[in-house]
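All remarks here apply to the structure that follows.
Just so you know, all these numbers are worked out from the coordinates, no wet-lab data involved. Keep in mind that what you see is a predicted model, and the values were worked out from it rather than measured. Positions of Cβ are generated from backbone atoms using ideal geometry, with glycine treated the same way; all protein chains shown enter the neighbour counts.
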Amino acid sequence: MEGVAMKLPSFPNAVSIGHRSFSRVRRSSSLSVCSAASSSATISTDSESVSLGHRVRNDFRILHQEVNGSKLVYLDSAATSQKPAAVLDALQNYYEFYNSNVHRGIHYLSAKATDEFELARKKVARFINASDSREIVFTRNATEAINLVAYSWGLSNLKPGDEVILTVAEHHSCIVPWQIVSQKTGAVLKFVTLNEDEVPDIEKLREMISPKTKLVAVHHVSNVLASSLPIEEIVVWAHNVGAKVLVDACQSVPHMVVDVQKLNADFLVASSHKMCGPTGIGFLYGKSDLLHSMPPFLGGGEMISDVFLDHSTYAEPPSRFEAGTPAIGEAIALGAAVDYLSGIGMPKIHEYEVELGRYLYEKLSSLPDVRIYGPRPSESVHRGALCSFNVEGLHPTDLATFLDQQHGVAIRSGHHCAQPLHRYLGVNASARASLYFYNTKEDVDSFIVALADTVSFFNSFK
Amino acid sequence: MAAAMSSSCCASSLRLIPFKRTLFSSIHYPSKTLTLRPLKPSEIPSFRRTIITFQKISTGIVPPPSASSSPSSSGDLQPIEELPPKLQEIVKLFQSVQEPKAKYEQLLFYGKNLKPLDSQFKTRENKVEGCVSQVWVRAFFDEQRNVVYEADSDSLLTKGLAALLVQGLSGRPVPEILRISPDFALLLGLQQSLTPSRSNGFLNMLKLMQKKALHLEVKGVEDSTSESSFVSTPEIKDEASVPEVDSESKPGLVEDLGTEKIDDSDSGSNGVALGSRGMRIRERLEKELNPVELEVEDVSYQHAGHAAVRGSAGDDGETHFNLRIVSDAFQGKSLVKRHRLIYDLLQEELKSGLHALSIVAKTPAEV
């Protein structure tokens with residue numbers, strides 16, 4: 001209930017609450033990062049400036065450990081990111097000092113919790129430049145957000161013969177819900193294949209858009225190919241035929257500036273746990289008039305207006321799509337993550353990652369028999385800071401196991417929730433090393449050395 | 001729940017081996033010890049459908065690589081002497097190799113020497129489920145009706161594991177193979193060196209090999225024309241063979257044979273009430289065979305020590321049954337055909353965790 005006016009002491013952000021209320025001393029890490037924001041974001045360290053990765057390292061205690069006798073080198077941020085102390089503090093702080101159910105209560109604690117929860121919503125809105133915080137619906141994660149659109153918007157808007165355009169490189173979460181809904185509605189799924197640069201073929205996508213198209217659902221940055229799609233243009237083409245666009249921004253929101261007004265997308269989804277926030281929370285951005293036209297997804301408390309025995313009336317968005325008690329602490333911690341990232345500055349993070357990602361690509365491709373998927377980096381093509389790859393004649397799982405066991409290097413092997421893409425590329429599985437702004441040049445060097453050792457170990461047995 | 005073990009390779013770190021489907025949520029330890037976050041099911045990179053729970057290990061006690069074959073933590077592990085001789089050798093070899101890297105080398109060495117599998121055998125039925133990499137296993141009888149295995153994989157480590165099993169199990173008779181409990185994998189000391197998804201693949205490999213051995217046996221029974229064919233496995237008994245079979249046969253069955261146990265009522269239970277599977281079996285047999293007498297006895301408890309029971313039942317451990325059926329439906333059918341008939345009727349159960357049946361099948365005239 002946003003209209004309720006309360007006289008409360010003001011708690012501008014979660015970080016300051018933490019420091020005011022905590023008796024135990026934690027590194028005031030996020031504040032130090034803010035003050036050092038002017039330092040260089042380059043990956044190399046010299047006497048003058050320290051690289052971003054080195055600077056923030058102390059905020060992430062989890063990175064300072066040994067696994068299997070070697071220093072941990074965490075290169076799996078595309079699967080989930082690590083969380084800075086400020087985010088953990090915010091979560092702890094919530095439970096320790098003002099945990100209470102939101103929206104319904106009158107008492108002090110519940111008002112405080114509600115305030116912080118709604119503040120987190122505003123922070124997320126600001127982070128992606130949504131025009132109104134009511135365009136942010138909190139969900140469990142991006143997958144649930146896509147399902148929300150599929151079941152709520154999809155079931156009531158798709159008719160037999162309508163077309164939904166996807167790419168073969170989509171994550172399963174942006175394929176399966178559409179399969180389910182198209183089965184129920186008789187809509188047809190169409191898939192854009194890759195071109196010779198190993199990116200989805202934009203020309204083909206453009207050609208595929210027709211008056212029959214009702215939705216285009218695509219990734220912003222691919223979690224396997226590291227390529228990005230020109231969302232602004234795609235939105236223009238789609239809107240020309242009256243189609244909507246859903247953007248899966250899981251690999252873009254954490255790593256670069258994403259401006260939903262500039263993109264003009266109708267829907268956008270992201271997960272908190274990939275952007276330094278906790279698991280269990282994500283969000284759907286939806287244009288206001290669109291959300292208002294959509295029926296509920298899940299039913300229950302919070303999303304209703306009046307409830308009778310035989311029918312109910314529903315609340316306005318975003319509440320309409322937030323049934324039941326939300327992940328309050330998690331949302332607030334996500335807000336703290338947004339603060340943390342904003343404190344560093346997304347442009348700075350992006351700049352750092354472009355450079356470090358390019359370094360990774362160069363070192364990796366210099367190893368013999370390594371095949372990296374996706375486009376080559378160039379002046380015009382900026383890859384995301386990850387490399388999915390295969391080594392000729394070796395299975396990625398063997399590589400990942402040995403890297404972990406003998407070198408403490410954490411990468412991922414498998415299909416990365418993109419089976420159709422792997423089938424298209426003609427492989428069963430691939431290995432993937434993914435970076436985030438807390439990785440350093442030394443991490444990449446350790447990885448390359450370890451990989452070379454691993455490859456030679458296995459090759460000696462062939 | 002999980003205990004901290006220091007082993008030679010992980011000095012002060014704690015390894016959680018999440019074998020259960022419901023993986024551990026975060027567990028807090030005193031600040032010194034470091035925890036590895038268990039993998040979330042969604043993160044485990046595999047095309048996996050099932051997770052085998054390795055319930056003995058989930059107590060959290062993991063013996064260090066130097067553990068002897070009878071570690072104190074696992075009093076009810078299958079004793080190593082019960083394993084086929086070659087498998088015993090392999091286990092002892094791995095136990096003598098302490099360093100993880102050397103264990104890998106040993107494993108890869110086995111894999112290298114594995115006879116490659118002809119591509120015609122790389123079929124869906126031969127594929128092991130639950131492996132991140134692709135693994136195929138093939139089984140056939142040699143002249144002495146011992147099972148011979150062949151296997152292959154696209155991953156070197158998995159190939160090594162497959163080679164282990166092929167070497168350890170090939171050339172052995174079906175009953176011996178079926179008796180093997182997957183506990184021995186613990187003894188290898190490879191558990192700690194392999195990720196949970198991979199070691200589940202290992203369990204699945206073993207399971208598939210045992211299943212194939214069973215199929216060979218059943219098919220062999222089918223194909224044989226003589227009624228007095230000797231089918232001696234601990235799981236499948238028919239009347240002709242019971243007197244000659246090994247001493248593992250349950251006393252109740254031997255009784256069944258010689259005398260006519262008509263005293264029991266149709267409830268057929270020995271104090272063990274029938275669970276849902278038992279009821280389903282009873283229903284099905286009643287419906288399809290119209291028996292004059294029907295006894296369905298749940299003897300799963302007699303196999304409670306058999307790890308495959310715990311792992312595979314999926315429901316409440318209803319895995320072993322004694323059946324005594326007197327029905328006109330058996331008229332004119334050979335023993336083999338009668339058993340086949342019953343198996344066919346209980347296909348669903350066999351697929352979903354029913355492990356074995358002991359069958360007495362008579363016509364009313366024979367009783």
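Per-residue mean of other chain beta-carbon atoms within 10 angstrom of the beta-carbon, peptide A:263-273? Please list the in-between numbers first.
Working: counts 0, 0, 0, 0, 0, 0, 0, 0, 0, 0, 1.
For peptide A:263-273, the averaged partner shielding equals 0.
Spelling out what I want: for every residue of the range A:77-83, take phi, set θ = phi - 60°, compute 6.51 cos²θ - 1.76 cosθ + 1.60 (Karplus), and round to whole Hz; glycine and proline get x.
Whole-Hz 3J(HN,Hα) from phi for the range A:77-83: 5, 5, 7, 7, 8, 8, 10.
Which distance in nm do the two modelled labels at A:Asn264 and A:Ser380 give, with both placed 7 Å along the Cα-to-Cβ direction?
2.3
Figure the gain on full extension for A:Glu207 and A:Leu290 (residue separation times 0.36 nm, minus the Cα-Cα span) and round it to one decimal in nm. Walk me through the intermediate numbers first.
Numbers: separation 83, 0.36 × 83 = 29.88 nm, distance 2.58 nm.
Gain on extension, A:Glu207 to A:Leu290, equals 27.3 nm.
Using 0.36 nm times the number of residues separating A:Val427 and A:Leu155, minus their current alpha carbon distance, what extension gain do you get? Let's see the in-between values first.
Values: separation 272, 0.36 × 272 = 97.92 nm, distance 3.44 nm.
Contour length minus Cα-Cα distance gives 94.5 nm.
With label points built 7 Å along Cα→Cβ from the Cα atoms of B:Val367 and A:Leu109, find their separation and express it in nm.
Going by the 7 Å Cα→Cβ label model, 6.9 nm.
Summing +1 for each Lys or Arg and -1 for each Asp or Glu, what net charge is found among the other residues whose Cβ lies under 11 Å from the Cβ of A:Thr185?
Details: positive: A:Lys159, A:Lys184, A:Lys214; negative: A:Asp162.
The answer is +2.
Using amide H atoms built in the peptide plane, which far-off residues or other-chain residues are under 5 Å from B:Gly171 H to H?
B:Val147, B:Val148, B:Tyr149
Could you pull out every residue, at least 5 positions away or on a different chain, whose amide H is within less than 5 Å of the one on A:Gly301? Hs are placed 1.01 Å off N in the peptide plane, and Pro or chain starts have none.
Those lying under 5 Å, H to H, from A:Gly301 are A:Gly324.
Taking each residue in A:390-400, count the Cβ atoms of any other chain within 10 Å of its Cβ, then average. What number comes out? Please list the in-between numbers first.
Details: counts 0, 0, 0, 2, 3, 10, 4, 14, 13, 3, 3.
Mean inter-chain Cβ contacts per residue within 10 Å come to 5.
With a sphere of radius 9 Å drawn around the Cβ of A:Val73, what net charge do the other residues whose Cβ falls strictly inside it have (Lys, Arg +1; Asp, Glu -1)? List each step's numbers first, then the result.
Values: positive: A:Lys71; negative: A:Glu442, A:Asp443.
In short, -1.
Give me, ordered by chain and number, the residues 5 or more places off B:Ile359 or on other chains with an amide H under 5 Å from its own placed amide H.
Close amide H contacts, sequence-distant or interchain: B:Lys237, B:Leu323.
Which order do the peptides A:97-107, B:155-165 take when ranked by the mean count of other beta-carbon atoms within 10 Å per residue, highest first?
Numbers: A:97-107: 15.2, B:155-165: 26.5.
So the peptides A:97-107, B:155-165, ranked by packing, come out B:155-165, A:97-107.
Which whole number gives the average, over all residues in A:411-418, of C-beta atoms from other chains lying within 10 Å of the residue C-beta?
Values: counts 0, 2, 6, 9, 4, 1, 3, 0.
What the average comes to for A:411-418 is 3.
Once you put a point 7 Å from the Cα of A:Arg358 and another 7 Å from the Cα of A:Phe461, both along the Cβ direction, what distance in nm separates them?
Here the modelled spin labels are 3.9 nm apart.
Per residue of the range A:97-112, in order, report the coupling 6.51 cos²θ - 1.76 cosθ + 1.60 (Karplus, θ = phi - 60°) as ³J(HN,Hα) in whole Hz, putting x for Gly and Pro.
Karplus values, whole Hz, x for Gly and Pro: 10, 8, 4, 5, 6, 9, 6, 9, x, 9, 6, 3, 4, 5, 5, 4.
Using the 10 angstrom Cβ neighbour count as an exposure proxy, how do A:Ser456, B:Ser133, A:Ser49 rank, fewest first? Could the numbers behind the result be given before it?
On the way: A:Ser456 9, B:Ser133 23, A:Ser49 16.
Exposure proxy ranking, most exposed first: A:Ser456, A:Ser49, B:Ser133.
For chain A, what does the helix formula give at 222 nm: sum of -39500 (n - 2.57) over DSSP H segments with n ≥ 4, over the residue count, nearest 500 deg cm²/dmol? Don't skip to the end; give the middle numbers.
Numbers: 16 runs with 168 residues, N = 462.
Calculated at 222 nm, the ellipticity per residue is -11000 deg cm²/dmol.
Rounded to the nearest 0.05, what FRET efficiency is calculated for B:Glu286 and B:Lys351 with R0 set to 22 Å and r the Cβ-Cβ distance?
Details: r = 21 Å, r/R0 = 0.94.
In this case the efficiency is close to 0.60.
For A:Arg376, what charge total do you get from the other residues with a beta carbon under 15 Å from its beta carbon, if Lys and Arg give +1 and Asp and Glu give -1? Walk me through the numbers on the way to the answer.
Working: positive: A:Arg358, A:Lys363, A:Arg371, A:Arg383; negative: A:Glu196, A:Asp197, A:Glu198, A:Glu362, A:Glu379.
Within the 15 Å Cβ shell, the charges total -1.
Suppose every K and R has +1 on its Cβ and every D and E has -1 on its Cβ; what is the size of the dipole of the range A:48-182 about the Cα centre, in Debye to the nearest 20? Provide the component values of the computation, followed by the final result.
On the way: 14 positive and 15 negative charges, 54 e Å.
Roughly 260 debye for the range A:48-182.
Could you work out the relative contact order of the range A:169-223, using alpha carbon pairs under 8 angstrom and six or more residues apart, expressed as a whole percent? The partial results should precede the final answer.
Working: 24 pairs, mean separation 21.8, N = 55.
After rounding, I find 40 percent.
Can you compute 3J(HN,Hα) from phi for each residue in the range B:79-88, using the Karplus curve 6.51 cos²θ - 1.76 cosθ + 1.60 with θ = phi - 60°, rounded to whole Hz and x for Gly and Pro?
For the range B:79-88, the Karplus curve yields x, 4, 5, 7, 6, x, x, 5, 5, 4 Hz.
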